[in-house]
Amino acid sequence: MLDHEPEVLDALDQPRPTVVDDRTVVRATSVTRRFGDRVVLDDIDLEIRKGEFVALLGRSGSGKSTLLRALAGLDTGVEGRITVPAARSVVFQDPRLLPWSTVLDNVVLGLKGADARDQGREVLDEVGLGGHGDAWPKTLSGGEAQRAALARALVRQPELLLLDEPFGALDALTRIRMHVLLQRLCARYTPAVLLVTHDVDEALLLADRVLVLTDGGISLDVPVEIATPRLRGDQAFISLRSRLLAELGVDEVAEGDHRKDDQ
Amino acid sequence: MTAVANRPEQLLGLPGVRLVDLKTADELDPEQRRPKRRVPRSIERLAGVVLLLALWQLAASLGWISPRVLAGPANVASTFWDMVTDGTLGDAVWVSFQRVAIGMLIGVPVGLLLALFSGLSRVGEDLVDSTMHTLRFVPIIGLMPLIIVWFGIGETAKISLIVIGVTFPIYVNTANAIKTIDPRNLELARTLELSRWATIRRVVLPAALPSFLVGLRMATGIAWLLLVFSEQLNAKSGIGYLMIKAQTFFLTDVIVVCLLVYAVLGLLSDIGIRLVEGKVLRWQPGR
């Protein structure tokens, strides 16, 4: 069973009794989002099971972040029915550390309980920022700040971790280290994860399941059955990568030719 | 060809590509790298003031400027010492300081509360904001006749004028900071399920603090200005009163002493606020 009561984020529809099977922690039904005449999310159904790592791919403007924000409860204009765990955390593309609070105060912001600060220090240790608890956020590098944001998300022991392109602004080397860190933390805290990204390799390295969002609907929903440790050179990796790129409208061969023309 | 052999493109031998040698530390000899000043900067800065004082003293000593027009520096200095030793200056400064302090102790919280009310609620914004921005353009000094009608010419009148003058810069700066707060931080507060009070205390108020302090510095300047004005108009004590009394007897030395005291008091309060700023805004980048 869930550690926390599921919370129904019901925006415009009438609430109905919820049936959540004991493995499903996220259930979104007929989720639609309109901005004026534009339909960004068109009647989407989505389920995520306990501890499952789901990557959501899509071209820019495909509505990936809109769906994530709906699941985070940040969008009250969304239609449909969304049931999510009460304990959920969001990591945004920018670390969003409050500059006027120390790193530790940022991590435990809003956290209740007498041992909140001890928990915060423990998680900061885990993300490799043990010595930075009393530092101001301005002293952190981009990667360190994002690790602090990850610590802030995990110290709440979320049943659902929502990651909105969390590594998009980091350099390639830092990103690789963040992937390893995230895998380790997910193995320890076992939250269900929804990772919004436009990086196909990132999705394949981390996720149990990949969704592709096209024109407001989920156009592809595939399990990632690649043996761990996953390597970019594996045949299974390469073929699933091609399939996902094709779904995203990228023709590798044509793009490759194009690149050759440029030189 | 040999004449231009030293040009960079010739050295590297790339015809058709224009190259330039960039200036590096190698080309400067060691003495040039850290230019030595003949006169330290701080002394150079003081030199202008000293020169002005010297000219002023010279003009006074040679009788070019009559003491009835403007007393000389030596005269001003000895008058200052007399006023300090007989206690007149200390008493006047204490009275004036109290007026400014009481005015600010009332005006700052009033401006702050109005800013919070206007920044944190839609009703508050509708009721307060446009009203404040309209009243802001009423010349505060022009309110004096009205204030005298309301409160007479006692302490209440002087302090009210300072309260009114202080409220506006505090309000305008703080309310604007609250209104332009980064919406991403408010979104963060929602995902962390902060209560409304916690959001105000942890996110809104710290974000508004730098602007509030700018407002506080402006308010302090305005408070001293209004104090001078109201003390010269109707007072039985304070620095402004000393000046008006001196004016009737053409005691320009006393007037100059009072002006300098006002300047020093204004400067000291500004330095005080800047010290506080440096302490509470340590988190800001570039500090």
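Can you tell me which of B:89, B:62, B:70 is under 24 Å from residue B:250 (Cβ atoms), open to solvent by less than 20 Å² (accessible area, probe 1.4 Å) and out of contact with any His (no Cβ under 8 Å at 6 or more places or on another chain)? Quick ask: steps written out before the conclusion?
Values: B:62 fails: open to solvent by less than 20 Å² (accessible area, probe 1.4 Å); B:70 fails: open to solvent by less than 20 Å² (accessible area, probe 1.4 Å).
The match here is B:89.
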Checklist (1) under 26 Å from the mean Cα position of the chain (by Cα); (2) surrounded by fewer than 17 Cβ atoms within 10 Å (Cβ to Cβ); (3) at pLDDT below 90 applied to residue B:144, failing item:
(2)
Where residue A:155 falls short, out of the listed (1) open to solvent by less than 50 Å² (accessible area, probe 1.4 Å); (2) more than 14 Å from every other protein chain (Cβ to nearest Cβ)
(2)
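Sort out which residues of the range B:263-287 are within 13 Å of the chain's Cα centre (by Cα) and in contact (Cβ under 8 Å) with a residue 24 or more places away in the chain, and write them in order of number. So that I can check it myself, show each step before the final result.
If we filter the range B:263-287 for residues that are within 13 Å of the chain's Cα centre (by Cα), which is where we start, we get B:263-275, B:277.
If the condition is that a residue be within 13 Å of the chain's Cα centre (by Cα) and in contact (Cβ under 8 Å) with a residue 24 or more places away in the chain, then B:265, B:266, B:269, B:270, B:273, B:274, B:277 are the ones that fit.
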Of all residues in the range B:187-222, which are out of contact with any Leu (no Cβ under 8 Å at 6 or more places or on another chain), within 13 Å of chain A (Cβ to nearest Cβ) and open to solvent by 60 Å² or more (accessible area, probe 1.4 Å)?
B:193, B:195, B:196, B:197, B:201, B:205
Every listed condition ((1) open to solvent by 50 Å² or more (accessible area, probe 1.4 Å); (2) within 13 Å of residue B:256 (Cβ to Cβ)) holds for residue B:76 save (1)
Filter the range A:233-263 down to the residues that are over 17 Å from residue A:209 (Cα atoms) and basic (Lys, Arg), then identify the one that is modelled with the lowest pLDDT.
A:260
Selection from the range B:270-287 of residues that are within 14 Å of chain A (Cβ to nearest Cβ), among the aliphatic types (A, V, I, L, M) and part of a helix (DSSP H, G or I):
B:280
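From A:38, A:49, A:88, grab the single residue that is of a type outside the set (A, V, I, L, M, F, W, C) and over 16 Å from the mean Cα position of the chain (by Cα).
Values: A:49 fails: over 16 Å from the mean Cα position of the chain (by Cα); A:88 fails: over 16 Å from the mean Cα position of the chain (by Cα).
Matching residue, one of A:38, A:49, A:88: A:38.
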Specify which of the listed residues (B:239, B:178) is closer than 26 Å to residue B:72 by Cβ and open to solvent by less than 40 Å² (accessible area, probe 1.4 Å).
B:239
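The values are calculated or read from the model by the stated rules, or taken from the named source; none is laboratory data. In this text, all values refer to a predicted model and were calculated from it rather than measured experimentally. Backbone-built Cβ (ideal geometry, glycine too); neighbour counts: all protein chains shown. Calculation scope for accessible area: heavy atoms of the full protein, side chains included, ligands and nucleic acids excluded. Shrake-Rupley method; radii C 1.70, N 1.55, O 1.52, S 1.80 Å.
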